[in-house]
Amino acid sequence: MSDVIQGSAEWKALRAGKVTASRIADMMAKTKSGWGASRANYAAQLVAERLTGEVAESYTNAAMQWGTDHEADARVAYEFRTDASVVEIGFVEHPTIPMTGASPDGLVGDDGMVEIKCPNTATHIETLLNPAPDSKYILQMQWQMACTG
């Protein structure tokens with residue numbers, strides 16, 4: 001388990017060329033006729049990162065940046081509401097599958113974990129009205145649990 005700061009250059013380098021929880025849905029993407037395009041694109045990115053050692057540039061829009069900017073506030077709100085302490089971690093390698101890992105937003109106690117999403121208002125309202133989490137987030141959390149035990 002690494003305690004580097006998520007989002008830092010060191011964190012990005014640590015994850016380079018590795019399948020991560022935030023992109024596990026891309027690896028699992030299928031269409032009626034086979035694997036999805038997002039899987040092929042992600043595989044190509046991973047190959048390039050492994051060959052060059054350079055981290056691929058990632059896309060960030062205003063909504064994604066807003067979520068990043070408010071993650072710390074959400075963590076504090078979670079701690080207050082649950083009376084639990086969240087321990088931030090950087091990156092956890094999968095215990096048995098090489099070149100894979102996860103960066104949960106925090107660990108809680110001996111067997112808890114948080115994954116924080118801070119969507120824009122419209123997405124937040126949609127989430128409240130539809131209590132079923134997006135399948136990509138379920139896969140992300142399952143992969144994080146597989147990595148952290």
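Tell me, what is the per residue accessible area of region 1-55 in Å², probe radius 1.4 Å?
Accessible area per residue, region 1-55: 64 Å².
For the chain, which span is the longest to avoid every loop-located (per DSSP) member of GluC sites (Glu not before Pro) having at most 13 other Cβ atoms inside 10 Å?
Longest stretch, sites excluded: 58-149.
Could you please put TRP66, TRP35 in sequence from largest to smallest accessible area, using a 1.4 Å probe?
Details: TRP66 115, TRP35 140 Å².
Highest to lowest solvent-accessible surface, that is TRP35, TRP66.
Using the Cα centre of the chain as origin and beta-carbon charges of +1 (Lys, Arg) and -1 (Asp, Glu), tell me which of THR123, THR100, ALA48 is placed farthest towards the positive end of the dipole.
ALA48
So I have [x] 114; [y] 135; [z] 149, and one of them is volume of the Cα convex hull per residue in Å³ calculated from this model. Which one is it?
[y]
Along Cα→Cβ, 7 Å out, is where each label goes; now give me the distance between the ones at TRP66 and THR121 in nm to one decimal.
Modelled inter-label distance: 0.8 nm.
Starting from the Cα gyration tensor of region 14-80, take the square roots of the eigenvalues, sort them a ≥ b ≥ c, and report rounded, prolate or oblate (rounded when a/c is under 1.5, otherwise prolate if a/b is larger than b/c, else oblate).
Here region 14-80 falls in the prolate category.
Taking a probe of 1.4 Å, how large is the accessible area per residue of region 65-149, in Å²?
65 Å²
Below 8 Å between Cα atoms, with a sequence gap of 6+, how large is the relative contact order for the chain in percent?
Reported relative contact order: 30 percent.
Using Cα atoms only, what is the angle between the long axis of helix 135-148 and the major principal axis of the chain, expressed in degrees (0 to 90) to the nearest 10?
Orientation of helix 135-148: about 90 degrees from the principal axis.
How much of SER135 can a 1.4 Å solvent probe reach, expressed as accessible area in Å² and rounded to 10?
Number for this one is 80 Å².
Whenever you get a sec, compute what percent of the accessible area on the chain sits on carbon and sulfur atoms (1.4 Å probe).
On the way: 5670 of 9920 Å².
It is 57 percent, rounded to a whole number.
Excluding same-chain residues fewer than 8 positions from LYS32, which lysines have a Cα within less than 29 Å of its Cα?
Those lysines meeting the cut-off are LYS18, LYS136.
The values are calculated or read from the model by the stated rules, or taken from the named source; none is laboratory data. Being a predicted model, the structure only gives us computed values, none of them experimental. All Cβ positions, glycine included, derive from the backbone under ideal geometry; neighbour counts span all protein chains shown. We work out accessible area using only protein heavy atoms, side chains counted, and drop any ligands, DNA or RNA first. Shrake-Rupley method; radii C 1.70, N 1.55, O 1.52, S 1.80 Å.
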